[in-house]
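The values are calculated or read from the model by the stated rules, or taken from the named source; none is laboratory data. Predicted model only: the values in this text are computed from it and were never measured. All Cβ positions, glycine included, derive from the backbone under ideal geometry; neighbour counts span all protein chains shown.
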């Protein structure tokens, strides 16, 4: 079979509609992303992930979800465990670094176990954005901390926990969304800080967690944000200069790079234009999350198959996952509760 298309699609509801089935079978996307509207019960999600893979004829098709904890978790109680926000682990780390790291890894491994049991193989987490006073709260407590070293340490522990369960992490939002003054779901944020400032702050956790030889351990998701120092004319997602100089260059990330959702209002133009620009800039694949079938059809006309380099990155990330470790969920959850109680 030829390479799948360089896109991951959402769907409208908890089951695949007949017209969605026909579209996905013809389009052959790389994979899919699930949201709260797609999940009801564990049995239903298992059936859905199995059906999506059967439609495209690839048992290894990536299926993604945003399961960070706190405000952003698509799998919610009472069917699934409620995970704390990232900021809680930052507080714990500042009190005792070893305890914070252990708690972060346990929490991520518990999340990973839930996901892999459902057939979900990629988690759009951890957030490696920094917390900045006065910034828009779209990041807020989704950030571990304001200190790049703490964010990097906890982000690496989170990735280790997911990977131990057989789930690939997605570090986001590269090269850093934390200091943005507006929400990129609604507007296009702009950063004007000097390169030296960004290298020492926003970029640092991404470089430490996903740079160089660590690139194959995770995917990364772009920020729809303008970095004026590198390219004042386009958001990073659609900027060949920013992707080459910052993400692939200064940060040193050579793994799978996916766009944030094409439907966010930070981007301009119709969805086909947005997709073409992101892929031309150097994203390996794009995300289309709304589940709007007409919009997906419009986007699909602009999206070709994975490039050879993108296909190689996807394969390397899959091959880099370690064998799943033995894990007593009950004991891990109890230990995590004890650690969190200290905070």
With in a helix (DSSP H, G or I), under 30 Å from residue 80 (Cα atoms) and touching a helix residue (DSSP H, G or I) at 6+ places or on another chain (Cβ under 8 Å) as the only criterion, which of 274, 316, 335, 297 stands out? 335
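Please specify each residue of the stretch 29-48 satisfying the condition of being crowded, with 20+ Cβ neighbours inside 10 Å and either assigned to a helix (DSSP H, G or I) or free of Cβ contacts under 8 Å to residues at least 12 places away in the same chain (or both). Show your work before the answer.
Applying the first criterion (crowded, with 20+ Cβ neighbours inside 10 Å) to the stretch 29-48 yields 29-34, 38-39, 45, 48.
Correct list: 38, 45, 48.
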All positions within the stretch 320-332 that are in contact (Cβ under 8 Å) with a residue 40 or more places away in the chain and outside any loop (DSSP other than H, G, I, E, B): 320, 329, 332
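Just the residues that are modelled with pLDDT of 95 or more and in a loop (DSSP other than H, G, I, E, B), please, taken from the stretch 1-15.
Keep residues of the stretch 1-15 that are modelled with pLDDT of 95 or more, which gives 4-15.
Hits for the stretch 1-15 are 4, 10, 11, 12, 13, 14, 15.
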Does any residue of the stretch 91-108 turn out to be closer than 21 Å to residue 216 by Cα, out of contact with any helix residue (DSSP H, G or I) (no Cβ under 8 Å at 6 or more places or on another chain), at pLDDT 95 or above and not in a loop (DSSP other than H, G, I, E, B)? no
Note on the stretch 49-87: residues loosely packed, with under 14 Cβ neighbours inside 10 Å and in contact with a helix residue (DSSP H, G or I) (Cβ under 6 Å, 6 or more places away or on another chain) are 59
Sort out which residues of the stretch 319-332 are touching a helix residue (DSSP H, G or I) at 6+ places or on another chain (Cβ under 8 Å) and either at pLDDT below 95 or more than 30 Å from residue 30 (Cα to Cα) (or both), and write them in order of number. 322, 324, 325, 327, 329, 332
Take the residues in the stretch 185-212 that are touching a strand residue (DSSP E or B) at 6+ places or on another chain (Cβ under 7 Å) and buried (at least 24 other Cβ atoms within 10 Å of the Cβ), then tell me which one is farthest from residue 121 (Cα to Cα). 206
In the set 259, 233, 263, which member is in contact (Cβ under 8 Å) with a residue 24 or more places away in the chain and assigned to a loop (DSSP other than H, G, I, E, B)? 263
Read through the list (1) within 25 Å of residue 309 (Cα to Cα); (2) in a loop (DSSP other than H, G, I, E, B); (3) modelled with pLDDT of 95 or more, then give the number of the only condition that residue 26 fails. (2)
